[in-house]
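Report on the structure given below.
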Amino acid sequence: MDKNVIETEITMGTVHSAAIEPYRVRLFVEDEIVKDAEITVGVNHRGVERIMEGLPVEKANSLTEKICGICSGVHLWNSVLVAEKGLEIEIPERASYIRIIVAELERIHSHLLYLAHGNEVLGHETFSMRLFYIRETVMELLRMIGGNRVQYGVPIIGGIRPRAELDEMKIQKIREGLDYLEEKIKEFADRFTSDPMIMSRITGVCPIKREDALRLAVTGPTLRATGVEFDQRRKMECYDPFEFDIITQDDGDIKSNLLVRVFEIFESIKIIRQAVENLPNGAIVDRSWEMQDTDIIKSYVEAPRGTLYHSYAIEEGRVRNVVIRTPSIANIGAMQYAVIGHHITDAQLGIVQCDPCFTCTDRAIEIIK
Amino acid sequence: MLYLIIGIIGTIIIGFIVSLWLPGIERKFVHARIQQRIGPPISSPGIMAPIKFFFKQSIRPYSPLPRLYNSLPLVGLLSALLILLFIIPETYPIGALASIVAIVGFLKIEEIVYVFMGSLSKSVMSLRMPFPDLAKGAKHPNVQRSFLEDISAMRAFRLIAFGSFPIYIALFVPAIISRSIFLGDIVAYQQVHGPILFSAAGVLAAIVFFIGYMILLNEYPFVILKTKADVIEGPYLEYAAKSRAFVYITRGFLMFTLAALFSVLFLGIPPNIFTWGILVNVIIAVIFPILMASLSAFAPIFTFKQFYPVTLATSILGVVALLAAFI
C-alpha cells in the first residue's frame with residue numbers, strides 16, 4: 001500500500017469500551033474510512049505454557065482451564081486428550097458422551113456471548129441484554145454439571161470427574177433447558193433477521209472473501225461464514241455417533257458470521273439431544289492406565305472459535321515442551337483485512353465478527369532489546 | 001414587574017426540577033423495562049449522578065485550552081436556558097429574541113459546542129505506543145496521529161450541516177401557518193384557530209420535530225457523535241467532576257426545553273407557572289423521552305450510511321409539511 005495516501009492514524013485500546021479484552025488496534029484512516037489496520041496483542045501474556053513445564057500431568061491439565069474464561073472446558077478437554085493419546089487410554093463411552101454434552105453447551109454459551117457482544121458493539125443494547133438473559137440457562141446447566149459456571153473441570157485423564165456424572169434429574173433439566181433455548185433463540189433469530197435497521201448495518205459490511213480466508217488461515221465459524229465447509233469435529237472420532245450439519249454462509253460479512261453462529265447453536269442443541277437420549281450406561285472413568293514417557297503428542301479439537309491445538313510430551317510423569325495455539329491467533333489476520341475500506345464505526349464490528357478472544361491468544365512474547 | 005420576574009424564574013425552576021427526573025424516567029421505566037432488567041433508581045441518572053460528580057475531585061483535562069474546554073458544558077446549558085427563557089410568555093414582548101430565528105440561533109450554539117469540545121479534547125484514550133510495533137511489521141510508523149475526539153468533532157460538524165435539518169424545517173411550519181416568526185403571534189394564532197398539531201401540516205411537522213429532537217439529543221440510533229464502538233464518549237470524553245455534572249444536567253434540561261418548545265409551537269401552550277398550561281409542558285416533557293427511549297431501545301447505531309437517507313427522508317417529510325402549511 002502506498003503510504004502517502006494515508007492521512008491519519010486512530011489508535012484504540014488497549015483499554016476501550018467496545019473491547020471486552022485488552023488489545024490495541026491502529027486504524028489508518030482517510031475521512032473515517034479505514035485504509036489499513038494493525039492489531040496488536042500482548043498485554044495479557046501469562047505464560048501458562050511456561051508454568052506448565054515440569055508440572056505433573058494432572059496438575060498441568062487443570063492449569064489449561066485458566067487459559068480462557070469462555071472456552072475453559074475445551075482447553076482442558078484438549079489437554080487431557082493429549083495425555084490420553086500419549087498414554088493410549090481408551091475412555092468409557094459414557095464419559096465421551098458427557099464430555100461432548102459439556103463441550104456443546106460451552107459452544108452455545110460462547111456463541112451467545114458472541115451474539116450479545118456483537119449486538120452491544122452494534123449499539124443494540126436490548127438484543128444484547130436479552131441474549132445474555134438467554135445465556136444464563138446454559139451457564140446454569142454448566143454449573144449443574146460441573147459445579148461452576150466458568151471452570152467446570154469435567155474431563156480428567158481416563159474419563160470425567162465423578163461430580164459431572166449425569167443422573168436422571170440432571171438429564172431432565174438439560175432437556176428442559178434445551179427446549180427453552182431452542183424456542184428463545186428461534187424467536188431472537190426471527191426478530192434479528194427481520195429488522196431492516198440491523199440488516200442495513202451488517203449486510204455486506206467487512207466481508208472476508210473465501211480465497212482470502214484460506215490465504216489468511218482463518219479458522220472456525222469465521223472460516224465457515226466464507227463458505228468453506230470445514231469443521232474439526234468431523235475429524236474427531238468421538239463425534240462419529242452424532243449426526244450434525246456443518247453450517248456455512250457464502251458472503252463472509254458480519255451478517256454471515258452472526259448467522260453461522262446462530263445456526264451452529266441449533267446444531268449443538270441437536271448434538272446434545274442425541275447425546276442425552278443415547279447416553280450409554282457404564283463407568284465414567286478408566287483409572288487402570290499407567291504413566292509412561294511419551295513423545296510430543298498433538299491434539300486438535302473444534303473450540304467455539306475454531307481449531308484449538310495443544311501438544312506436549314510426558315517425561316517421568318511431568319509435562320515438557322508445551323505448545324498451545326488458540327483459534328483467535330489465526331483470525332487476527334482476517335480482522336485486519338476485513339476492516340479495510342469500511343467506516344471506523346464498522347471497524348470495531350468487523351473485528352468483533354471474527355469472535356476474538358485475545359486474552360487466550362496471548363501465548364508468546366518477543367522481547368526487543 | 002414582580003409578577004413577571006416570579007413567572008420567569010418560577011417556570012425555569014419548574015423546568016429544571018422536571019428535567020432532573022427525565023433521564024431517570026427514560027432509563028428506569030423504558031430502557032430497563034424493555035431490556036428486562038431492574039435499571040437504576042429513578043433519581044440516579046438525573047439527580048444523584050450530577051450531585052456525585054459535583055463532589056468528585058476535578059482533573060485537569062489534557063486540552064490545549066482547558067478552561068474553555070471545561071466551560072463548554074455551561075455554554076450548552078446556557079443556550080438551552082435561553083431557549084426556555086424566550087419561550088416563556090412573559091418574554092414575548094422582547095420580540096426579536098422570542099422568535100423562531102433566535103431559537104434556531106440558540107440551537108446552533110448548542111450544536112457548535114460539540115465541535116469545540118471535540119477539537120479541544122486530547123485524551124489518553126488514543127495514545128499510541130512510544131515505539132513502533134516491530135512485531136507487527138511497524139506499518140506506517142510516521143503517520144500523523146489523530147484523537148478519538150477529533151473524529152467526533154468532524155462528525156459534529158457534519159451533523160450541523162445535515163443532521164439538524166429536520167428540526168429546523170419543523171420549526172418553520174408553525175411560522176408559515178401563523179404567518180409570523182414571533183412566538184407570541186404563533187401562540188395567539190393557535191388560541192384562536194386551535195393547535196397547529198391538529199392540522200395535516202402540523203402532524204407531519206410534529207413527526208419531523210420528534211426525529212429532529214432525537215438527533216439533537218444524540219440518542220440511539222442517531223448517536224454517531226458519541227458512539228461507544230469507536231469514539232466512546234466523543235466530545236464528552238474528558239469531562240469529569242463538575243464539568244461532567246453540567247453535561248448531564250444540560251441534556252436533561254434540553255429535553256425539557258425542546259418539549260416546551262414543541263408545546264408552544266404545535267399546541268399553543270407556553271410554559272407559565274401561573275396557568276395550568278405548565279402541566280401540558282410537563283406531560284410532553286415526560287412523553288417525549290418515553291417515546292424516544294422506546295424507539296432507541298430497538299435500534300442499532302446508525303453510521304452515516306444509514307444516517308444520510310434517514311435525515312434526507314425526514315427532511316423531505318418536513319418539506320412536505322412546509323408545502324402543506326402554505327396550502
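Overview of results
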read-out	value
MRE, 222 nm, helices only [DSSP H, n ≥ 4, -39500 (n - 2.57), over chain B, to nearest 500]	-19500 deg cm²/dmol
Quarter of Cα convex hull surface for region A:143-294, i.e. mean projection, nm²	12.2 nm²
Rg and Dmax of region A:76-136, Cα atoms only, in Å	16.9, 50
Residue order, fewest to most beta carbons within 10 Å, for A:345, A:226	A:226, A:345
Degrees, to the nearest 10: A:72-86 long Cα axis against longest axis of chain A	50 degrees
Shape category assigned to region B:48-104 from the gyration tensor of Cα positions, a/c cut at 1.5	oblate
Degrees separating the helix B:148-158 axis from the principal Cα axis of chain B, which is the longest one	30 degrees
3J(HN,Hα) from dihedral phi, region A:292-307, Karplus parametrisation 6.51/-1.76/1.60, rounded to Hz, x for glycine, proline	8, 6, 9, 6, 5, 10, 10, 9, 10, 9, 8, 6, x, 9, x, 6
Volume of the Cα convex hull of the protein assembly as shown, divided per residue and given in Å³	176 Å³
GluC sites (Glu not before Pro) within region A:1-73, DSSP loop, no more than 15 other Cβ atoms inside 10 Å	A:7, A:53
Cleavage-rule hits (chymotrypsin sites (Phe, Trp or Tyr not before Pro)) in region B:39-73: DSSP loop, at most 10 neighbouring Cβ within 10 angstrom	B:55
Volume per residue that the Cα convex hull of region A:15-74 spans, once the total is divided by residue count, Å³	111 Å³
Inter-label distance, nm, simple model (7 Å from Cα along the C-beta direction), residue A:237/residue A:293	2.6 nm
For chain B: Kirkwood Rh in Å [reciprocal of mean 1/r, alpha carbons]	20.8 Å
Overall Cα dimensions of region A:3-361, principal axis frame, Å, largest first	66, 44, 33
Sorted by Cβ neighbour density within 10 Å, fewest at the top, the residues A:210, B:179, A:305	B:179, A:210, A:305
Positive-end residue, region B:1-119 charge dipole about Cα centroid, Cβ charges, pick of B:103, B:83, B:20	B:20
Vicinal HN-Hα couplings computed from phi for region B:268-276 (Karplus, 6.51 cos²θ - 1.76 cosθ + 1.60; Hz; Gly/Pro x)	x, 10, x, x, 8, 5, 8, 10, 5
Residue-by-residue Karplus 3J(HN,Hα) for region A:234-248, coefficients 6.51, -1.76, 1.60, Hz, glycine and proline x	5, 9, 9, 4, 4, 8, 4, x, 9, 9, 7, 9, 8, 7, 10
Reciprocal mean inverse distance between Cα atoms of region B:131-249 - Kirkwood radius, Å	17.8 Å
Shielding by partners, peptide A:33-40 (average Cβ within 10 angstrom, other chains)	2
Packing-based exposure ordering (other Cβ within 10 Å, fewest first) of B:230, A:286	A:286, B:230
Charge-dipole axis of the protein assembly as shown as Lys and Arg at +1 and Asp and Glu at -1 on Cβ define it, positive-most pick from A:145, A:28, B:117	B:117
Chain B: most fluctuating residue of B:112, B:34, B:215 per GNM, C-alpha cutoff 10 Å	B:34
Residue mean of other protein chain beta carbons inside 10 Å, A:41-47	1
For residues of A:197-203, the mean tally of beta carbons on other chains within 10 Å	4
Chain A, helix-only ellipticity at 222 nm - DSSP H runs n ≥ 4, -39,500 (n - 2.57), divided by all residues, nearest 500	-15000 deg cm²/dmol
Debye-sum result for region B:66-132 in log10 I(q)/I(0), which assumes one identical scatterer on each alpha carbon, at q = 0.12, 0.23, 0.25, 0.27 Å⁻¹	-0.44, -0.93, -1.01, -1.09
Degrees separating the helix A:168-193 axis from the principal Cα axis of chain A, which is the longest one	10 degrees
Cleavage-rule hits, trypsin sites (Lys or Arg not before Pro), region A:216-274, DSSP coil, Cβ neighbours within 10 Å at most 13	none
Euclidean distance of C-alpha centroids, region B:35-105 and region A:325-360, integer Å	39 Å
Long-range amide H partners of residue A:297 with built H, under 5 Å	A:312, A:313
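Taken together, the values in this text are just the output of simple stated rules run on the coordinates, not laboratory data. On a predicted model such as this, the values are computed, not experimentally measured, just so you know. Because the Cβ atoms are built from the backbone with ideal geometry, glycine has one as well, and the counts that use them run over all protein chains shown.
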